[in-house]
Amino acid sequence: MVAREELRVVRCGGSWLSGCRAVFSADSKYLLCASGDYIKVYSTLTEECLHILQGHSNLVTGIQLNPQNHLQLYSWSLDGTIKLWDFMDGILIKTFVVGSKLFAFYTLASSENSAFIIISKHNDEKSDKFQLMTVKLPKTPDQEVEANDLEMVLDGVSQFPKCTAFGRDGEYVVSVWKLCLVVYFFKKNKIYSFSIGKNLRNASTSYFTCITCHPKEDCIASGHKDGKIRLWRNFNHKREYTFSTMHWHHNEVVDLAFSVEGTSLLSGGIESVLVQWRDGSDAKKEFLPRLGATIQYISVSPDGTLLCTSHSDNKIVIIHSNLKVSAVIQGLIKGSDVKTGLIVDPRTKALVLNGKPGHLQFYSLQNDKLLYNLDVVQQEYIHQSGLDQIELVKAVFDSKGDWLATVEQRQGSGSELEMQLKLWAYNEQTQSFTLNTRINTPHEDSITAMCFRGTDHSEDVTPTLVTTSNDGHFKVWMLLVDQDNETGESITWTCDFVGSYHNYQATHCCFSEDGSLLAVSFDKTITVWDSETWDLKCTFCHPPGTIMSLCFGRLICSKYLLGTTSSGFLCCWNLLNCSLEWSAQLHVNILQPDYLSENIAAISQHSEYSDVFVFKPSEPRPLCVQRNVCRGKVQWAVFVPRDVPECITSEKYQWLSQSQFYFLTETHELMTFSTKTPEERLTPSSRQLAVEESISITPFYLLLGKHRQQMKEGMDIGKVPVQNLLGQESPAVKELLHTPAHVLPSASFLCPLFIHSLLVPRTSANEIADEVEMLSDSEEKESEEESEDIEACPEASQTTECFGEDVSKLSKLQERELRKLRKLDYSWASGL
């Protein structure tokens, strides 16, 4: 019986890498970080993701190496579980079920069977009171055990892990909250509390933001909202405590970290500068500037050779101890607002959207990795609130990926609108886009939409771009090729046509699949234009309500035009008879067509959740309805073509076979649909190393896959192969292919085994065949001599036939031996 397929909403990548503190392995070869529900293991040398540890059902809030075994990792999550991993092999060892949402977890080398956690006081999502508790970790052989034995240590602590730290050898714990610092000594069972800034007018500027403890001494370093760093000493006495102040940051100190030996203190904040303080002195400091975004966390490797900074733009920077950048692990950059929407690059099938300020980011969804950033604005961004910055608001590709159009604008309060339309041409040599044409003030008001005319089926069609604006016009821009005797061929874009309709604001535009028709919406009316003569053909309207989105049908549904209205209607018009085919009352936020099929996805928000409806324009009844895909409003959605069509057995989900559907939520989570189980979607990397039939064609595949295919074809037609030199029975080949790279012995040890496995044994049929080929030339000469002998003795052959006896035929090996005997020199016998 085949299991029934179910459609699941899953995070598809691009999750936060900087949501909690990253962790180095003991030898600094690997960097581990939480990413949504997963934990990713990166190589510090190659920046590649080696493992993905999956098992949590909610956001992972932190990770920490097991102090008892440096090859194991603890992770904790909002799902109320603590998991112990063998992160080298990607194996889940044990799960401790606490039952409450875990915001922080601390385990010490001195306490093997217990740990510290921070949970909500009343186990309520809306509660702002948290407690530091001890939890006993049972040493039972079961893989999943209950950990309900809790005991309170401190009450009223912060939920953020960086606001609680443990001192030297775990003798005390320090926690900060607003203006108060609390130190609890375990052996003395005493609590000391210290406060600052109570007598100041702006006491809130002195709030504690982070804290860390010296690894060798009784010293506490605290960061504050006013940018100051305080070093606390003698805090084991209520009245004799002292602190010194260091100040460089102009805004709050976001995180602090001591080096392994405690000789230096690292600090970071909104300035995107890593500051290293030597010997706790304000005069001895070094800087690593221009790291790109606010530093959220600072981590130091156990051996002290590397450190890393986690940034607000979803980036981790790996740095040598001499403050030289070694590597950068960049995730999907998530800004405050994605104004360009989700776009697909036709060449790389990468997801394109707003990245760094003034940039477009090209993100590979298959590898969950940033490919590159395109600087569109080409101006330095000033990190200061209140400034009117130039923003990238629109971007669109043509159907082949040869051209990219972008719109950037800036408009402050009481100032004129500054706007530029830029056309970028793809450069084959640099494998990127270069600026071709810059158009200042293409419209008198802001641009609302733009689209390219499709050129898939015709090479003679001139590239055409249409822009619509609130000024009541739409403009047609066409590529112009000029022949200049001095400079040669000049390619630029120029305005070819300007259209309007009763001075209404032009809001949306789209071309039909063949590019013959252009649809432009003006307020409550849709106009259809001939793309050759730019004549108005017909108009559609569905009052009351403004047109919110437009799209043409595809393939066999290309005769339909669809639109949504602000009054809550989804309408489908037939272009052949210019009539309304059908309409449905549905508040649609996003109308997204699939360019490889007739399917169209409509996303509607109902109450607190969003629903997805998939349908064909020819059939008003939806093919698939997926309720409550996410909380809140879906901002953007897009269909991304698959490299290989997905094999989906259920007819209900066939709309996902050609393209993958992605959507971006209000919380900037990139989500998708999947019919695969979690085990099928993510397998250990050791299994992924196995050679499968679905693997892409690579040089290594050509060595193995082509040979195996020929062997299979030979068996199918009845031919017996000579020998399978690279067969699966070879232990050396199996060891190379199926064993994780980090546990393989050295190459000098494996090389002799691999070479010997390729050698052909002496008794094989191959050697005989080779010897026959080597002797073929000499045998041809000898066969000529034999034919002469046969012609000279015809009587002997006739005599044999006369006897009528069956004379046995000699084998080739026996004939070869006879020839050797015949060639021997027997002249010595004549002397006897």
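The values are calculated or read from the model by the stated rules, or taken from the named source; none is laboratory data. This is a predicted model, so every value here is computed, not measured. Methodologically, a virtual Cβ is constructed for each residue, glycine included, from the backbone with ideal geometry; neighbour enumeration extends over all protein chains shown. Protein only, heavy atoms only, side chains kept; ligands, DNA and RNA dropped before computing areas. Shrake-Rupley method; radii C 1.70, N 1.55, O 1.52, S 1.80 Å.
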At 7 Å along Cα-to-Cβ for each site, give me the label-to-label distance between Thr242 and Lys29 in nm. 4.6
Lysines near Lys187 by alpha-carbon distance under 18 Å, same-chain residues fewer than 8 away left out - which ones? Lys238
As an exercise, find the ratio Rg/Rh for region 346-441 from alpha-carbon atoms, using the Kirkwood inverse-distance average for Rh. 1.00
Where Rh is the Kirkwood radius over the Cα pairs of region 191-273, the temperature 20 °C and the viscosity 1.002 mPa s, what D in µm²/s does Stokes-Einstein return? 160
Over all directions, how big on average is the projection of the convex hull of the alpha-carbon atoms in region 8-124, in square nanometres? 8.0
Given H placed 1.01 Å from N in the peptide plane, which residues other than close sequence neighbours of Leu306 have an amide H under 5 Å from its amide H? Ser301
Sequence gap at least 6, Cα distance under 8 Å: using those rules, report the relative contact order of region 77-209 to the nearest whole percent. 15
Run the numbers on region 160-331 and let me know its relative contact order in percent, using alpha-carbon pairs under 8 Å that are six or more apart. 12
With N denoting the number of residues in region 160-331, provide Rg(C-alpha) divided by 2.2 N^0.38 Å, to two decimal places. 1.02
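Can you check what the Kirkwood hydrodynamic radius comes to for region 414-541, Cα pairs only, in Å to one decimal?
Across region 414-541, the inverse of the average 1/r is 16.0 Å.
Give me the percent of accessible area attributable to carbon and sulfur for region 527-580, probe 1.4 angstrom. Please report the intermediate quantities before stating the final value.
Values: 1250 of 2210 Å².
Taking all protein chains in place, region 527-580 shows 57 percent carbon and sulfur surface.
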Inter-label distance for Arg233 and Ser748, nm, one decimal - labels placed 7 Å from Cα along Cα-to-Cβ: 5.1
Taking only protein heavy atoms into account and a 1.4 Å probe, give the accessible area per residue of region 414-541 in Å². 50
Given the options Tyr207, Gln330, Val273, identify the residue whose Cα lies farthest towards the positive end of the charge dipole of region 160-331 (+1 on Cβ of Lys, Arg; -1 on Cβ of Asp, Glu). Tyr207
Please report the carbon-and-sulfur percent of the accessible area for region 198-263; probe 1.4 Å, protein heavy atoms only, DNA, RNA and ligands left out. 43
One would report the Cα pair-distance distribution of region 533-643, bin width 10 Å, in %, as 14, 45, 32, 8, 1
What are the radius of gyration and Dmax of region 52-120, computed over its Cα atoms and given in Å? 11.3, 34
Can you give the accessible area per residue of region 586-691, in Å², using a 1.4 Å probe? 48
Report the far tail of the P(r) of region 586-691, meaning the percent of Cα-Cα pairs longer than 25 Å. 25
How much accessible area per residue does region 160-331 have, in Å², with a 1.4 Å probe? 45
Please work out the C-alpha center-to-center distance from region 253-279 to region 222-238 and express it in whole Å. 14
Step through the table entries Lys101/Lys676; Lys136/Lys178; Lys524/Lys559, compare each Cα-Cα distance with 25 Å, and write down the pairs that go over it. Lys101/Lys676; Lys136/Lys178
Can you pull the Kirkwood radius for region 92-150, inverse mean 1/r over Cα pairs, to one decimal in Å? 12.3
Debye intensity ratio in log₁₀ form over the Cα atoms of region 94-192, taken at each q of 0.10, 0.16, 0.23 Å⁻¹: -0.28, -0.70, -1.29
Kindly state, to the nearest 0.05, the FRET efficiency for Ile191 paired with Val338, given R0 = 60 Å and r defined as their beta-carbon distance. 0.80
So, in nm, how far is label Ser583 from label Ser650 when the simple model puts each one 7 Å beyond its Cα toward the Cβ? 3.4
With +1 at each Lys and Arg Cβ and -1 at each Asp and Glu Cβ, the charge dipole magnitude of region 414-541 around its Cα centre, to the nearest 20 debye, comes out at 480
Check Thr464: other-chain or 5+ apart residues with amide H under 5 Å from its amide H, H built from backbone geometry? Arg453
Counting only Cα, what are the radius of gyration and maximum Cα-Cα distance Dmax of region 8-57, in Å? 11.3, 39
How high is the relative contact order of region 586-691, in percent, with contacts defined as C-alpha pairs under 8 Å that are six or more residues apart? 18
